[in-house]
Amino acid sequence: MDIEGIYMRRVAVILVLVVMTLGLAGCGQGQAPETNSLSFDKEGGITHKIVGKSDQSYYQINSADLESFATERVAEYCAENGESKVILETVDEKDGSLMLEFKYASPGDYSEFNHRKLYVGTLTGASEEGYELEAVPFVSTDGHAAEVGYIEDWDAKRLIILETKSGEEMFVNLPGKTLFVNQDAHSGQKITLVGKKGVQIGNQEEEGTTSFSYIIYE
């Protein structure tokens, strides 16, 4: 058995996953098919698509190796946290591009599996969990600055708080209409509205750091 070869393939797969997770494949148009995406449906379902190139400068990875590694990770997580908490839905390779699709039973499962925060709920619930929303400068979809306390019927609105790493890109598909996002000028992020239910996040913070994006919708 070639132990060294197996180890090197595993390391290469991990590196490819890191690159893919950071969304370095480039941005597309519309729903940004070449950018990682996180989609929420009205029933609470969460779908995470990760995309990248199979031919990296340091290694060429194939979908079989990637699927094997991802399946192993999912199995380990579910063994500790419960069956079907995370599901590897798809691993696909086409024209030099790789795509993985995961489904999560809850925001907590996404957070634990990906080692980053994700909150989905009410603004009141976020405050109760320790998020200081009063300190977040929001802007409406029509460009007007807003503070949480002055948002009409704010407690009836829904909120997503997503942590991203420096260099990462994420396209967020919402289950409802976008109302407010945090002002990118105050966060080191580039936040772009795409249609009525899409938000493109580009984390431009200092390398090695993370930051939160806040999206209020209805």
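Here V139 meets the list (1) in a strand (DSSP E or B); (2) under 21 Å from I46 (Cα atoms) almost entirely, failing just condition (2). Restrict the check to the stretch 163-175 and report whether at least one residue is of a type in the set (S, T, Y), open to solvent by less than 40 Å² (accessible area, probe 1.4 Å), in contact (Cβ under 8 Å) with a residue 60 or more places away in the chain and closer than 30 Å to G82 by Cβ. Scanning the stretch 163-175 turns up no residue that is of a type in the set (S, T, Y), open to solvent by less than 40 Å² (accessible area, probe 1.4 Å), in contact (Cβ under 8 Å) with a residue 60 or more places away in the chain and closer than 30 Å to G82 by Cβ. Taken as a whole, the structure leaves T209 outside the set of residues that are of a type outside the set (A, V, I, L, M) and surrounded by 14 or more Cβ atoms within 10 Å (Cβ to Cβ).
In this entry, V51 passes the filter for residues that are under 21 Å from V194 (Cβ atoms), part of a strand (DSSP E or B), of a type in the set (A, V, I, L, M, F, W, C) and touching a Pro at 6+ places or on another chain (Cβ under 9 Å).
Is one or more of the residues making up the stretch 147-159 part of a strand (DSSP E or B), touching a Ser or Thr at 6+ places or on another chain (Cβ under 8 Å), at pLDDT 95 or above and surrounded by 20 or more Cβ atoms within 10 Å (Cβ to Cβ)? There is at least one residue in the stretch 147-159 that is part of a strand (DSSP E or B), touching a Ser or Thr at 6+ places or on another chain (Cβ under 8 Å), at pLDDT 95 or above and surrounded by 20 or more Cβ atoms within 10 Å (Cβ to Cβ). Taken residue by residue, the stretch 97-118 has at least one member that is over 26 Å from Q204 (Cα atoms) and assigned to a strand (DSSP E or B). Scan the stretch 135-153 residue by residue and report those that are of a type outside the set (S, T, Y) and in contact with a strand residue (DSSP E or B) (Cβ under 8 Å, 6 or more places away or on another chain). Passing the criteria: V136, P137, F138, V139, A145, A146, E147, V148, I151. All of S39, S63 fail the test of being small (G, A, S), out of contact with any helix residue (DSSP H, G or I) (no Cβ under 6 Å at 6 or more places or on another chain) and under 27 Å from V194 (Cα atoms), apart from S39. Go through the residues of the stretch 199-206 one by one and say whether even a single one is out of contact with any helix residue (DSSP H, G or I) (no Cβ under 9 Å at 6 or more places or on another chain), open to solvent by 60 Å² or more (accessible area, probe 1.4 Å) and free of Cβ contacts under 8 Å to residues at least 24 places away in the same chain. No, because not a single residue in the stretch 199-206 is out of contact with any helix residue (DSSP H, G or I) (no Cβ under 9 Å at 6 or more places or on another chain), open to solvent by 60 Å² or more (accessible area, probe 1.4 Å) and free of Cβ contacts under 8 Å to residues at least 24 places away in the same chain. The residues on offer are G30, G44, G52, and the sole one that is open to solvent by 30 Å² or more (accessible area, probe 1.4 Å), at pLDDT 75 or above and either of a type in the set (G, A, S) or more than 17 Å from the chain's Cα centre (by Cα) (or both) is G44.
Scanning the stretch 183-195 for residues that are touching a residue at least 24 places away in the same chain (Cβ under 8 Å) and open to solvent by 10 Å² or more (accessible area, probe 1.4 Å) yields Q183, H186, S187, L193, V194.
The values are calculated or read from the model by the stated rules, or taken from the named source; none is laboratory data. Every value quoted in this text rests on a predicted model; they were computed, and no experiment measured them. Reconstructed Cβ throughout: ideal geometry from the backbone, glycine too, with neighbour counts over all protein chains shown. The protein model used for the area step is the full one, side chains on, heavy atoms only, and it has no ligands, DNA or RNA in it. Shrake-Rupley method; radii C 1.70, N 1.55, O 1.52, S 1.80 Å.
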